[in-house]
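Trainee: Got a structure here, written out as structure tokens. Questions coming.
The values are calculated or read from the model by the stated rules, or taken from the named source; none is laboratory data. Remember, predicted model here, so these are calculated numbers, not experimental data. FYI the Cβ positions are ideal-geometry reconstructions off the backbone, even for glycines, and counts take in every protein chain you see.
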Amino acid sequence: MQYDVIIVGGSYAGLAAAMPLARARRKILVVDAGQRRNRFAGHSHGFLTQDGTQAAAIAAKGREQLLAYRTVGWLDGKVAGAQRHENGFRLDMEGMPPLEARRLVLATGVVDRLPPVPGLAERWGTHVFHCPYCHGYELNQGPIGVLATSPMSMHLALLLPDWGPTTLFLNDAFEPDAEQLEKLQARGVRLERSRIERIEGSLDLVLHDGRIANLDGLFTLTTPDVASPIAAMLGCEFDEGPMGRTIRTDAMKATTVQGVFACGDAARPGGSLPLAVGDGTIAGAAAHQSLIFGGY
């Protein structure tokens, strides 16, 4: 069977991309490997009408609503390979028959590479975060920290005092210059130069000199990697930026390969549920219009 569109990735961007196609009564399939980026977080914040809702519940409700449309199919599985042919695209599946579609929407998400501090990964999404807009308010203005990974961490350090008294743990990542030190001082950010040896308890940072810093929340920049090699297999071009590598798209979420669209965290810097939903909606509508008018 050839689908009009296959959406690879069934998290928020993929679900959003599928909705306009479903409402256009197109034959579509969502292929999902079941690895939401925010699966470590209990609740989602900052998404209008869903603030404080369990993250998994939002995804489950989206899937339920999508599958109410009769032209939508869902497949739990992983894409192993992808290639273009004269009538569209072929996806090779792990342990399943191949799939074919006229268009593809890649909503594959990213994998966060965390700083190698013992104990940090175990607290990711519960006490260690990347986005203050998503998690800062719930810390109730308690003591918070920024684990530096590069000079880019200055941005987080200058933002965070609006959510609580902030300490920037340099952790040998960089040394602020005079101008940066002045900005940090103006925002009331405390500097800590002793290296973090490990994290214990709820969020007790054991420093190299033996002191322990007790925090309510710790923020850090991750190195996100596109979670699937499909875009590269198809020949899509990528952009390299200070927040990682992303699939290159235009304003309508079309990639550099005709007929392939990309959305969500794999195709834009940063990470946010509402931004992923908006991104996916654009990609789905654009994929639908490309079936009618061509182009992209």
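Trainee: Considering only region 180-226, how many residues are part of a loop (DSSP other than H, G, I, E, B), within 28 Å of the chain's Cα centre (by Cα) and within 19 Å of Q141 (Cβ to Cβ)?
Mentor: Total satisfying the criteria: 5.
Trainee: If I go through region 3-53 residue by residue, how many of them are out of contact with any helix residue (DSSP H, G or I) (no Cβ under 8 Å at 6 or more places or on another chain) and more than 15 Å from M93 (Cβ to Cβ)?
Mentor: Qualifying residue count, region 3-53: 9.
Trainee: Being closer than 14 Å to G10 by Cα and among the acidic types (D, E) is the filter here; which residues of region 50-65 pass it?
Mentor: Within region 50-65, the first condition is being closer than 14 Å to G10 by Cα, and the residues that meet it are 55-65.
Within region 50-65, just E64 meets the criteria.
Trainee: Let me ask something else about it. For region 216-240, which residues satisfy the criterion of being under 20 Å from N171 (Cβ atoms) and either surrounded by fewer than 17 Cβ atoms within 10 Å (Cβ to Cβ) or touching an Asp or Glu at 6+ places or on another chain (Cβ under 8 Å) (or both)?
Mentor: Of all residues in region 216-240, those under 20 Å from N171 (Cβ atoms) come to 216-224.
Scanning region 216-240 gives T222, T223, P224.
Trainee: Any idea which residue in region 25-47 is surrounded by the fewest Cβ atoms within 10 Å (Cβ to Cβ), counting only those that are touching a Gly at 6+ places or on another chain (Cβ under 9 Å) and within 23 Å of G294 (Cα to Cα)? Even if it seems obvious, please write down each step before you answer.
Mentor: Filtering region 25-47 for residues touching a Gly at 6+ places or on another chain (Cβ under 9 Å) gives 27-45.
This time we only want the ones that are within 23 Å of G294 (Cα to Cα), so: 27-30.
Details: K27: 18, I28: 28, L29: 20, V30: 26.
Residue satisfying both the conditions and the ranking: K27.
Trainee: Count, please, the residues in region 54-67 that happen to be under 14 Å from L21 (Cβ atoms) and out of contact with any helix residue (DSSP H, G or I) (no Cβ under 7 Å at 6 or more places or on another chain).
Mentor: 2
Trainee: Any residue in region 152-172 that's free of Cβ contacts under 8 Å to residues at least 60 places away in the same chain: show its pairings with residues that are part of a loop (DSSP other than H, G, I, E, B) and of a type in the set (F, W, Y) at Cβ separation under 9 Å, as long as the two are six or more apart or on different chains.
Mentor: Going by the 9 Å Cβ cut-off, the qualifying pairs are M154/F174.
Trainee: Next question. Return the residue satisfying two criteria in turn: it lies in region 240-263 and is more than 25 Å from H288 (Cβ to Cβ) and touching a strand residue (DSSP E or B) at 6+ places or on another chain (Cβ under 6 Å), and of such residues it is modelled with the lowest pLDDT.
Mentor: Within region 240-263, the first condition is being more than 25 Å from H288 (Cβ to Cβ), and the residues that meet it are 240-245.
From the residues that got through so far, the ones that are touching a strand residue (DSSP E or B) at 6+ places or on another chain (Cβ under 6 Å) too are 244-245.
Values: G244: 80, R245: 89.
Only one residue tops the list, namely G244.
Trainee: Which pairs have Cβ atoms under 8 Å, sit 6 or more apart or on different chains, and link a residue in region 277-288 that is under 19 Å from R102 (Cα atoms) to one that is among the basic types (K, R) and surrounded by fewer than 22 Cβ atoms within 10 Å (Cβ to Cβ)?
Mentor: Correct list of pairs: H288/R26.
Trainee: Moving to a separate point now. Of all residues in region 4-15, count the ones that are buried (at least 24 other Cβ atoms within 10 Å of the Cβ) and within 13 Å of V72 (Cα to Cα).
Mentor: Going through region 4-15, the residues buried (at least 24 other Cβ atoms within 10 Å of the Cβ) turn out to be 5-15.
From what is left, the residues that are within 13 Å of V72 (Cα to Cα) are 5-7, 10, 14-15.
Residues that pass the stated criteria total 6.
Trainee: Continuing with this model, one more query. Looking at this structure, is A13 within 15 Å of V277 (Cα to Cα) and touching a residue at least 40 places away in the same chain (Cβ under 8 Å)?
Mentor: On the way: within 15 Å of V277 (Cα to Cα): yes; touching a residue at least 40 places away in the same chain (Cβ under 8 Å): yes.
Spelling it out, A13 is indeed within 15 Å of V277 (Cα to Cα) and touching a residue at least 40 places away in the same chain (Cβ under 8 Å).
Trainee: Would you tally the residues in region 44-78 being at pLDDT 95 or above and of a type in the set (A, V, I, L, M, F, W, C)?
Mentor: Result for region 44-78: 6.
Trainee: Check whether at least one residue in region 278-285 is in contact with an Asp or Glu (Cβ under 8 Å, 6 or more places away or on another chain), closer than 18 Å to Q35 by Cα and either hydroxyl-bearing (S, T, Y) or not assigned by TED's automatic domain parsing to the domain that holds S153 (or both), and report yes or no.
Mentor: Here is the first cut: in region 278-285, the ones in contact with an Asp or Glu (Cβ under 8 Å, 6 or more places away or on another chain) are none.
No, region 278-285 contains no residue that is in contact with an Asp or Glu (Cβ under 8 Å, 6 or more places away or on another chain), closer than 18 Å to Q35 by Cα and either hydroxyl-bearing (S, T, Y) or not assigned by TED's automatic domain parsing to the domain that holds S153 (or both).
Trainee: For region 96-176, which strands (runs of 3 or more DSSP E) that fit wholly inside it have 1 or more residues that are more than 21 Å from G244 (Cβ to Cβ)? Outline the logic, then answer.
Mentor: On the way: elements: 96-106, 110-113, 144-147, 166-169.
In region 96-176, 96-106, 144-147, 166-169 are the strands (runs of 3 or more DSSP E) which contain 1 or more residues that are more than 21 Å from G244 (Cβ to Cβ).
Trainee: Still on this structure, please answer the following. Can you pull out every residue in region 181-193 that is of a type outside the set (D, E, K, R) and buried (at least 17 other Cβ atoms within 10 Å of the Cβ)?
Mentor: Taking region 181-193 and keeping what is of a type outside the set (D, E, K, R), we get 181, 184-186, 188-189, 191.
Selection gives L184, V189.
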